[in-house]
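Taking it in order: structure first as C-alpha coordinates, then the write-up.
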Amino acid sequence: MSELRQDPTTFDWVIIAKERAKRPHEFRKHGPTKSSLLSHSEECPFCPGNEDRTPGAVAVYGPPDNWKIRVVPNKFAALTPEGNTQRDEWKMFRKTLGYGRHEVVIESPLHNKCIAYMEDDHVEQLIGVYRDRYLELKKDPNIKVIIIFKNHGEAAGTSLEHPHTQIVASPVVPPFIRRRYEIATQHFDNTERCLYCDLLFTEFEAKERIVQESEFFVALHPFASRSPFETWIMPKVHSSSFGKIAAIEIADLSRILKGIFLKLHVSLGNPDYNLIVHTAPVDDEHKTYYLWHIQIIPRLTLAAGFELGSGIFINTSVPEETAAFMREVKVP
Ligand SMILES: [Zn+2]
Ligand SMILES: [Zn+2]
(Lines give C-alpha, C1' and ligand atoms only; values in the text may rest on other atoms or scores of the structure.)
(Ligands and ions follow the chains in the order given, each with its own letter.)
Protein backbone atom coordinates (compact mmCIF):
# COMPACT_ATOMS: atom_id res chain seq x y z
CA MET A 1 0.00 0.00 0.00
CA SER A 2 1.16 3.53 -0.63
CA GLU A 3 1.81 5.95 2.22
CA LEU A 4 0.94 9.63 2.67
CA ARG A 5 3.73 11.45 4.50
CA GLN A 6 3.73 15.05 5.70
CA ASP A 7 6.80 17.29 5.54
CA PRO A 8 7.06 18.90 9.01
CA THR A 9 8.72 22.02 7.54
CA THR A 10 6.04 22.86 4.93
CA PHE A 11 3.03 20.74 6.00
CA ASP A 12 2.95 19.54 2.38
CA TRP A 13 1.97 15.92 1.77
CA VAL A 14 3.65 13.45 -0.55
CA ILE A 15 2.60 10.00 -1.64
CA ILE A 16 5.31 7.40 -1.25
CA ALA A 17 4.10 4.97 -3.91
CA LYS A 18 5.59 1.83 -2.41
CA GLU A 19 3.98 -0.53 -4.92
CA ARG A 20 5.15 1.46 -7.90
CA ALA A 21 8.48 2.11 -6.23
CA LYS A 22 11.57 1.25 -8.20
CA ARG A 23 14.71 -0.14 -6.61
CA PRO A 24 17.26 2.67 -6.19
CA HIS A 25 19.56 1.42 -8.99
CA GLU A 26 16.67 1.50 -11.47
CA PHE A 27 16.79 5.30 -11.54
CA ARG A 28 20.14 5.21 -13.32
CA LYS A 29 20.16 7.19 -16.55
CA HIS A 30 21.08 5.23 -19.65
CA GLY A 31 22.88 6.44 -22.73
CA PRO A 32 25.87 8.79 -22.80
CA THR A 33 26.38 10.94 -19.73
CA LYS A 34 27.45 14.55 -19.92
CA SER A 35 30.87 13.75 -18.54
CA SER A 36 31.64 12.83 -22.16
CA LEU A 37 31.51 16.56 -23.02
CA LEU A 38 34.64 18.33 -24.19
CA SER A 39 36.35 20.77 -21.85
CA HIS A 40 35.85 23.70 -24.25
CA SER A 41 33.08 24.70 -26.64
CA GLU A 42 33.37 27.47 -29.27
CA GLU A 43 29.61 28.07 -29.11
CA CYS A 44 29.39 28.35 -25.33
CA PRO A 45 28.98 31.93 -23.96
CA PHE A 46 30.50 30.84 -20.65
CA CYS A 47 33.72 29.36 -22.05
CA PRO A 48 36.97 31.40 -21.93
CA GLY A 49 37.46 33.47 -25.10
CA ASN A 50 33.72 34.23 -25.30
CA GLU A 51 33.65 36.69 -22.39
CA ASP A 52 32.20 39.38 -24.69
CA ARG A 53 29.08 37.25 -25.13
CA THR A 54 27.96 37.84 -21.54
CA PRO A 55 27.23 41.18 -19.85
CA GLY A 56 30.32 42.65 -18.11
CA ALA A 57 31.47 40.68 -15.08
CA VAL A 58 30.52 41.95 -11.61
CA ALA A 59 33.25 39.80 -10.03
CA VAL A 60 36.17 37.80 -11.38
CA TYR A 61 38.20 35.36 -9.29
CA GLY A 62 41.72 34.73 -10.52
CA PRO A 63 43.58 36.75 -13.20
CA PRO A 64 41.18 38.23 -15.84
CA ASP A 65 42.84 36.32 -18.70
CA ASN A 66 42.97 33.09 -16.72
CA TRP A 67 39.95 33.31 -14.42
CA LYS A 68 38.77 30.50 -12.16
CA ILE A 69 35.24 31.74 -11.42
CA ARG A 70 33.35 34.57 -13.10
CA VAL A 71 30.13 36.28 -11.96
CA VAL A 72 28.04 38.09 -14.59
CA PRO A 73 24.55 39.60 -14.73
CA ASN A 74 22.15 37.17 -16.42
CA LYS A 75 21.75 38.23 -20.07
CA PHE A 76 18.06 37.32 -19.83
CA ALA A 77 17.57 38.60 -16.29
CA ALA A 78 14.24 37.89 -14.59
CA LEU A 79 14.80 40.98 -12.41
CA THR A 80 17.03 44.04 -13.07
CA PRO A 81 18.26 46.89 -10.81
CA GLU A 82 16.35 49.66 -12.58
CA GLY A 83 13.52 51.84 -11.37
CA ASN A 84 12.02 51.26 -7.94
CA THR A 85 9.95 48.82 -5.94
CA GLN A 86 6.92 51.05 -5.54
CA ARG A 87 3.65 49.16 -5.78
CA ASP A 88 0.93 50.06 -8.17
CA GLU A 89 -2.55 48.90 -7.27
CA TRP A 90 -5.86 49.06 -9.03
CA LYS A 91 -8.79 47.40 -7.27
CA MET A 92 -7.74 43.75 -6.86
CA PHE A 93 -4.63 43.96 -8.96
CA ARG A 94 -1.21 44.69 -7.51
CA LYS A 95 2.00 45.09 -9.45
CA THR A 96 5.49 46.55 -9.25
CA LEU A 97 8.45 46.92 -11.58
CA GLY A 98 10.66 43.85 -11.93
CA TYR A 99 13.34 45.34 -9.71
CA GLY A 100 16.09 43.11 -8.36
CA ARG A 101 19.20 41.26 -9.51
CA HIS A 102 19.82 38.13 -11.43
CA GLU A 103 23.39 36.88 -11.61
CA VAL A 104 25.13 33.87 -13.06
CA VAL A 105 28.15 32.32 -11.38
CA ILE A 106 30.26 30.61 -14.06
CA GLU A 107 31.77 27.95 -11.85
CA SER A 108 34.81 26.95 -13.87
CA PRO A 109 36.58 27.85 -17.12
CA LEU A 110 36.16 24.20 -18.13
CA HIS A 111 32.98 23.40 -20.04
CA ASN A 112 32.67 19.90 -18.60
CA LYS A 113 33.85 20.36 -15.01
CA CYS A 114 30.86 19.73 -12.76
CA ILE A 115 31.11 20.01 -8.97
CA ALA A 116 31.47 16.22 -8.56
CA TYR A 117 34.82 16.35 -10.38
CA MET A 118 36.20 19.76 -9.34
CA GLU A 119 39.30 20.07 -7.17
CA ASP A 120 38.39 20.35 -3.48
CA ASP A 121 39.76 23.88 -3.17
CA HIS A 122 37.78 24.98 -6.25
CA VAL A 123 34.47 23.84 -4.71
CA GLU A 124 35.48 25.64 -1.54
CA GLN A 125 36.18 28.83 -3.49
CA LEU A 126 32.84 28.45 -5.31
CA ILE A 127 30.87 28.31 -2.06
CA GLY A 128 32.89 31.33 -0.90
CA VAL A 129 31.71 33.13 -4.06
CA TYR A 130 28.08 32.28 -3.21
CA ARG A 131 28.62 33.89 0.19
CA ASP A 132 30.40 36.94 -1.29
CA ARG A 133 27.54 37.56 -3.72
CA TYR A 134 24.93 37.01 -1.01
CA LEU A 135 26.60 39.64 1.19
CA GLU A 136 27.00 42.04 -1.73
CA LEU A 137 23.39 41.73 -2.95
CA LYS A 138 22.03 42.10 0.55
CA LYS A 139 23.50 45.62 0.78
CA ASP A 140 20.63 46.88 -1.39
CA PRO A 141 17.86 47.82 1.10
CA ASN A 142 15.19 46.95 -1.48
CA ILE A 143 16.28 43.31 -1.53
CA LYS A 144 14.20 41.09 0.74
CA VAL A 145 15.23 37.60 -0.21
CA ILE A 146 18.18 36.02 -2.04
CA ILE A 147 17.79 32.69 -3.77
CA ILE A 148 20.88 30.75 -4.83
CA PHE A 149 20.11 27.84 -7.14
CA LYS A 150 21.46 25.55 -9.80
CA ASN A 151 19.67 24.01 -12.74
CA HIS A 152 21.67 21.09 -14.10
CA GLY A 153 20.41 19.40 -17.26
CA GLU A 154 17.38 19.89 -19.47
CA ALA A 155 14.93 18.17 -17.12
CA ALA A 156 16.03 20.74 -14.49
CA GLY A 157 15.36 23.69 -16.78
CA THR A 158 18.62 24.54 -18.50
CA SER A 159 20.07 23.87 -21.93
CA LEU A 160 23.43 25.47 -21.03
CA GLU A 161 25.82 22.64 -20.28
CA HIS A 162 28.60 24.80 -18.87
CA PRO A 163 28.52 24.47 -15.04
CA HIS A 164 26.85 27.54 -13.57
CA THR A 165 24.82 28.71 -10.60
CA GLN A 166 22.21 31.48 -10.58
CA ILE A 167 21.39 33.99 -7.89
CA VAL A 168 18.17 35.98 -7.85
CA ALA A 169 17.70 38.84 -5.40
CA SER A 170 14.01 39.66 -5.04
CA PRO A 171 12.24 42.73 -3.62
CA VAL A 172 9.33 40.63 -2.34
CA VAL A 173 9.22 37.64 0.01
CA PRO A 174 6.90 35.17 -1.72
CA PRO A 175 4.32 33.20 0.31
CA PHE A 176 6.19 29.98 -0.53
CA ILE A 177 9.14 31.18 1.56
CA ARG A 178 7.07 33.08 4.11
CA ARG A 179 5.12 29.92 4.91
CA ARG A 180 8.22 27.87 5.76
CA TYR A 181 9.35 30.67 7.99
CA GLU A 182 5.97 30.93 9.71
CA ILE A 183 5.80 27.19 10.35
CA ALA A 184 9.24 27.37 11.98
CA THR A 185 8.21 30.40 14.04
CA GLN A 186 5.08 28.63 15.23
CA HIS A 187 7.11 25.59 16.27
CA PHE A 188 9.41 27.88 18.23
CA ASP A 189 6.44 29.57 19.92
CA ASN A 190 5.06 26.18 20.94
CA THR A 191 8.27 24.51 22.05
CA GLU A 192 10.96 27.20 22.42
CA ARG A 193 13.07 25.10 20.10
CA CYS A 194 14.11 25.33 16.46
CA LEU A 195 11.97 23.18 14.14
CA TYR A 196 14.90 22.24 11.92
CA CYS A 197 17.27 21.39 14.76
CA ASP A 198 14.47 19.23 16.24
CA LEU A 199 14.03 17.59 12.87
CA LEU A 200 17.75 16.93 12.55
CA PHE A 201 17.84 15.45 16.05
CA THR A 202 14.89 13.19 15.18
CA GLU A 203 16.53 12.08 11.92
CA PHE A 204 19.66 11.18 13.90
CA GLU A 205 17.49 9.10 16.21
CA ALA A 206 15.79 7.38 13.26
CA LYS A 207 19.22 6.90 11.56
CA GLU A 208 17.78 5.28 8.43
CA ARG A 209 17.61 8.34 6.19
CA ILE A 210 21.07 9.76 6.95
CA VAL A 211 23.41 9.46 3.97
CA GLN A 212 26.59 11.10 5.15
CA GLU A 213 27.86 13.23 7.99
CA SER A 214 30.79 15.62 8.34
CA GLU A 215 32.06 17.82 11.14
CA PHE A 216 29.51 20.60 10.54
CA PHE A 217 26.91 19.11 8.16
CA VAL A 218 24.55 16.19 7.63
CA ALA A 219 23.21 14.93 4.29
CA LEU A 220 19.93 13.03 4.40
CA HIS A 221 16.96 11.93 2.32
CA PRO A 222 13.99 13.62 4.05
CA PHE A 223 11.06 11.62 5.47
CA ALA A 224 8.61 13.19 3.00
CA SER A 225 10.92 13.33 -0.04
CA ARG A 226 9.07 14.74 -3.04
CA SER A 227 11.22 12.93 -5.54
CA PRO A 228 13.64 10.00 -5.61
CA PHE A 229 17.04 10.83 -4.12
CA GLU A 230 15.93 14.26 -2.84
CA THR A 231 18.82 15.24 -0.56
CA TRP A 232 19.02 17.89 2.15
CA ILE A 233 22.33 19.12 3.50
CA MET A 234 21.75 20.70 6.90
CA PRO A 235 24.20 22.49 9.21
CA LYS A 236 24.62 20.90 12.64
CA VAL A 237 25.32 24.27 14.22
CA HIS A 238 22.22 26.43 14.20
CA SER A 239 22.26 29.43 11.85
CA SER A 240 19.33 31.06 10.11
CA SER A 241 21.26 32.57 7.23
CA PHE A 242 23.66 31.16 4.67
CA GLY A 243 25.26 34.63 4.65
CA LYS A 244 26.73 33.91 8.09
CA ILE A 245 28.59 30.74 7.10
CA ALA A 246 32.16 30.71 8.48
CA ALA A 247 35.28 29.86 6.45
CA ILE A 248 35.80 26.60 8.32
CA GLU A 249 32.19 25.58 7.57
CA ILE A 250 32.63 26.46 3.88
CA ALA A 251 35.60 24.09 3.67
CA ASP A 252 33.61 21.31 5.32
CA LEU A 253 30.49 21.97 3.21
CA SER A 254 32.50 21.85 -0.01
CA ARG A 255 33.70 18.35 0.82
CA ILE A 256 30.27 16.93 1.71
CA LEU A 257 28.63 18.64 -1.29
CA LYS A 258 31.20 17.26 -3.68
CA GLY A 259 30.86 13.84 -2.03
CA ILE A 260 27.08 13.81 -2.53
CA PHE A 261 27.37 14.89 -6.16
CA LEU A 262 30.01 12.25 -6.77
CA LYS A 263 27.74 9.57 -5.30
CA LEU A 264 24.81 10.77 -7.43
CA HIS A 265 27.04 10.83 -10.49
CA VAL A 266 28.46 7.36 -9.93
CA SER A 267 25.17 5.69 -9.00
CA LEU A 268 22.69 7.47 -11.30
CA GLY A 269 24.86 8.48 -14.26
CA ASN A 270 24.96 12.29 -14.07
CA PRO A 271 21.29 12.94 -13.31
CA ASP A 272 19.62 16.28 -14.06
CA TYR A 273 18.96 18.10 -10.80
CA ASN A 274 18.06 21.39 -9.11
CA LEU A 275 19.98 22.66 -6.12
CA ILE A 276 18.46 25.34 -3.89
CA VAL A 277 19.97 27.15 -0.91
CA HIS A 278 17.10 27.85 1.50
CA THR A 279 17.90 30.78 3.78
CA ALA A 280 15.93 33.23 5.93
CA PRO A 281 14.58 36.41 4.30
CA VAL A 282 17.15 39.22 4.68
CA ASP A 283 15.13 41.12 7.30
CA ASP A 284 14.64 37.97 9.40
CA GLU A 285 18.28 36.87 9.49
CA HIS A 286 18.76 37.92 13.11
CA LYS A 287 15.88 35.77 14.35
CA THR A 288 16.66 32.23 15.36
CA TYR A 289 13.58 30.36 14.14
CA TYR A 290 14.96 29.16 10.86
CA LEU A 291 17.87 26.93 9.82
CA TRP A 292 19.40 27.54 6.40
CA HIS A 293 19.98 24.40 4.36
CA ILE A 294 20.58 23.07 0.89
CA GLN A 295 18.14 20.94 -1.07
CA ILE A 296 19.22 18.86 -4.06
CA ILE A 297 16.32 17.54 -6.11
CA PRO A 298 17.27 15.11 -8.89
CA ARG A 299 14.80 15.39 -11.78
CA LEU A 300 14.21 11.70 -12.34
CA THR A 301 10.44 11.89 -12.67
CA LEU A 302 8.07 14.48 -14.12
CA ALA A 303 5.53 16.45 -12.12
CA ALA A 304 2.20 16.09 -13.93
CA GLY A 305 -1.47 17.04 -13.60
CA PHE A 306 -2.00 15.50 -10.20
CA GLU A 307 0.97 17.41 -8.72
CA LEU A 308 -0.20 20.68 -10.30
CA GLY A 309 -3.77 20.09 -9.17
CA SER A 310 -3.04 19.04 -5.60
CA GLY A 311 0.47 20.10 -4.63
CA ILE A 312 0.93 16.47 -3.62
CA PHE A 313 3.98 14.87 -5.20
CA ILE A 314 4.09 11.18 -5.95
CA ASN A 315 7.46 9.71 -5.13
CA THR A 316 8.15 6.33 -6.71
CA SER A 317 10.99 5.55 -4.33
CA VAL A 318 11.27 5.01 -0.60
CA PRO A 319 13.65 7.50 1.10
CA GLU A 320 14.92 4.90 3.60
CA GLU A 321 15.93 2.64 0.68
CA THR A 322 17.58 5.36 -1.42
CA ALA A 323 19.48 6.64 1.63
CA ALA A 324 20.74 3.12 2.42
CA PHE A 325 21.73 2.72 -1.24
CA MET A 326 23.62 6.04 -1.22
CA ARG A 327 25.48 5.13 1.97
CA GLU A 328 26.93 2.11 0.16
CA VAL A 329 27.98 3.89 -3.05
CA LYS A 330 31.75 3.82 -3.34
CA VAL A 331 33.28 6.93 -4.87
CA PRO A 332 36.75 7.42 -6.31
ZN1 LIG B 1 31.35 26.37 -21.87
ZN1 LIG C 1 18.06 25.24 14.53
Filter result (surrounded by 10 or more Cβ atoms within 10 Å (Cβ to Cβ) and not basic (K, R)) within region 64-81: W67, I69, V71, V72, P73, N74, A77, A78, L79, T80, P81
Residue that is surrounded by the most Cβ atoms within 10 Å (Cβ to Cβ), among those in region 277-332 that are among the aromatic types (F, W, Y) and either closer than 28 Å to D198 by Cα or at pLDDT 95 or above (or both): Y290
Selection status of Y99, more than 16 Å from ligand 1 (Cβ to nearest atom), within 20 Å of S254 (Cβ to Cβ) and modelled with pLDDT of 95 or more: no
Criterion: within 24 Å of W232 (Cβ to Cβ), surrounded by fewer than 17 Cβ atoms within 10 Å (Cβ to Cβ) and touching a residue at least 24 places away in the same chain (Cβ under 8 Å) - qualifying residue of L135, L126: L135
Residue match in region 40-56 (condition: within 26 Å of the chain's Cα centre (by Cα) and within 23 Å of L268 (Cβ to Cβ)): no
Which listed residue is in contact with a helix residue (DSSP H, G or I) (Cβ under 8 Å, 6 or more places away or on another chain) and not in a helix (DSSP H, G or I), from R193, R226, R255: R193
Residue check for M1: more than 27 Å from A169 (Cα to Cα) and without any contact (Cβ under 8 Å) to a residue 40 or more places away in the chain: yes
Region 217-238, residues that are surrounded by 19 or more Cβ atoms within 10 Å (Cβ to Cβ) and over 23 Å from I15 (Cα atoms): F217, V218, M234, P235
Some residue of region 179-194 being farther than 17 Å from E285 by Cα, away from ligand 1 (no atom under 16 Å from the Cβ) and either within 19 Å of the chain's Cα centre (by Cα) or among the basic types (K, R) (or both): no
Any hit, region 296-313, residues being more than 27 Å from A21 (Cα to Cα) and in contact (Cβ under 8 Å) with a residue 60 or more places away in the chain: no
Flag for V145 being under 29 Å from I248 (Cα atoms), under 18 Å from the mean Cα position of the chain (by Cα) and surrounded by 17 or more Cβ atoms within 10 Å (Cβ to Cβ): yes
Leading residue by the ranking (farthest from D7 (Cα to Cα)) among those in region 180-199 that are near ligand 2 (Cβ under 9 Å from one of its atoms) and without any contact (Cβ under 8 Å) to a residue 40 or more places away in the chain: R193
Where a residue in region 39-61 is over 11 Å from V72 (Cβ atoms) and in contact (Cβ under 8 Å) with a residue 24 or more places away in the chain and its partner, wherever it lies, is among the small types (G, A, S) and near ligand 1 (Cβ under 8 Å from one of its atoms), with Cβ under 7 Å and at least six apart: C47/S41
Single unsatisfied condition, V71 versus (1) touching a residue at least 12 places away in the same chain (Cβ under 8 Å); (2) within 20 Å of P171 (Cα to Cα); (3) among the hydrophobic types (A, V, I, L, M, F, W, C): (2)
Residues of region 263-276 satisfying the condition of being surrounded by fewer than 21 Cβ atoms within 10 Å (Cβ to Cβ), in contact with a helix residue (DSSP H, G or I) (Cβ under 6 Å, 6 or more places away or on another chain) and at pLDDT 95 or above: N274
Check on F176, in a helix (DSSP H, G or I), within 13 Å of ligand 2 (Cβ to nearest atom) and either surrounded by fewer than 16 Cβ atoms within 10 Å (Cβ to Cβ) or over 17 Å from the mean Cα position of the chain (by Cα) (or both): no
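The values are calculated or read from the model by the stated rules, or taken from the named source; none is laboratory data. Being a predicted model, the structure only gives us computed values, none of them experimental. Every residue, glycine among them, receives a Cβ derived from its backbone with ideal geometry; neighbour counts consider all protein chains shown.
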